[in-house]
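Enquirer: Would you mind keeping the following structure in view while I ask a few things?
None of the figures in this text is laboratory data; all of them are computed from the coordinates on show. Please read all numbers here as calculations on a predicted model, not as lab measurements. All Cβ positions, even for glycine, are placed from backbone atoms using ideal geometry, and neighbour counts span all protein chains on display.
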Amino acid sequence: MTAEGIWNLTIYTPLGKQHVRAELALRPDGSWHGTSRDQRSGEKVPLTDIAVDGGQLTWKQSITEPLRLHLAYTLAVDGDRLTGKAKAGRLPAATVTGERAGGAEPEPGVLS
């Protein structure tokens, strides 16, 4: 199963659970692009350095809410589920779980 699609993620942080909606798409040239939106603050940021290697998905992103952080995600794709970690600098890695949003379509123009 591909990593492409819309994913509802839960990130277990010391500040509590963070809920994020990530959208990933594969361009015709084989490059990946995507965005993520924090469900609480509404902050939407681009994903960078997206890579898929077998069942492993990685990307980076910078956020400003609830704290200014540069995050690096390392996730395992297993069908319609994701599990892994998000790491921010020297902070301990946060556990991430997620599942593919059933029947959801990307926002128009978001992944173009």
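Enquirer: Can you say whether residue 60 is farther than 18 Å from residue 97 by Cβ and among the charged types (D, E, K, R), as far as the supplied structure shows? Lay out the reasoning, then the answer.
Expert: Working: farther than 18 Å from residue 97 by Cβ: yes; among the charged types (D, E, K, R): yes.
Considered against the rule, which asks whether it is farther than 18 Å from residue 97 by Cβ and among the charged types (D, E, K, R), residue 60 comes out as yes.
Enquirer: Can we say residue 70 is within 14 Å of residue 99 (Cβ to Cβ) and free of Cβ contacts under 8 Å to residues at least 60 places away in the same chain?
Expert: Numbers: within 14 Å of residue 99 (Cβ to Cβ): no; free of Cβ contacts under 8 Å to residues at least 60 places away in the same chain: yes.
It is false that residue 70 is within 14 Å of residue 99 (Cβ to Cβ) and free of Cβ contacts under 8 Å to residues at least 60 places away in the same chain.
Enquirer: On to the next question. Run down 22, 76, 86 and say which single residue is among the small types (Gly, Ala, Ser), surrounded by fewer than 17 Cβ atoms within 10 Å (Cβ to Cβ) and not in a loop (DSSP other than H, G, I, E, B). Full working, then the answer.
Expert: Working: 22 fails: surrounded by fewer than 17 Cβ atoms within 10 Å (Cβ to Cβ); 86 fails: surrounded by fewer than 17 Cβ atoms within 10 Å (Cβ to Cβ).
Going through 22, 76, 86 in turn, just one is among the small types (Gly, Ala, Ser), surrounded by fewer than 17 Cβ atoms within 10 Å (Cβ to Cβ) and not in a loop (DSSP other than H, G, I, E, B): 76.
Enquirer: Restricting the first residue to region 32-61 and requiring it to be assigned to a loop (DSSP other than H, G, I, E, B), which pairs with a second residue that is among the polar types (S, T, N, Q) meet a Cβ separation below 7 Å and a spacing of at least six or different chains?
Expert: Close Cβ pairs satisfying both conditions: 43/64; 47/35; 47/36; 47/61.
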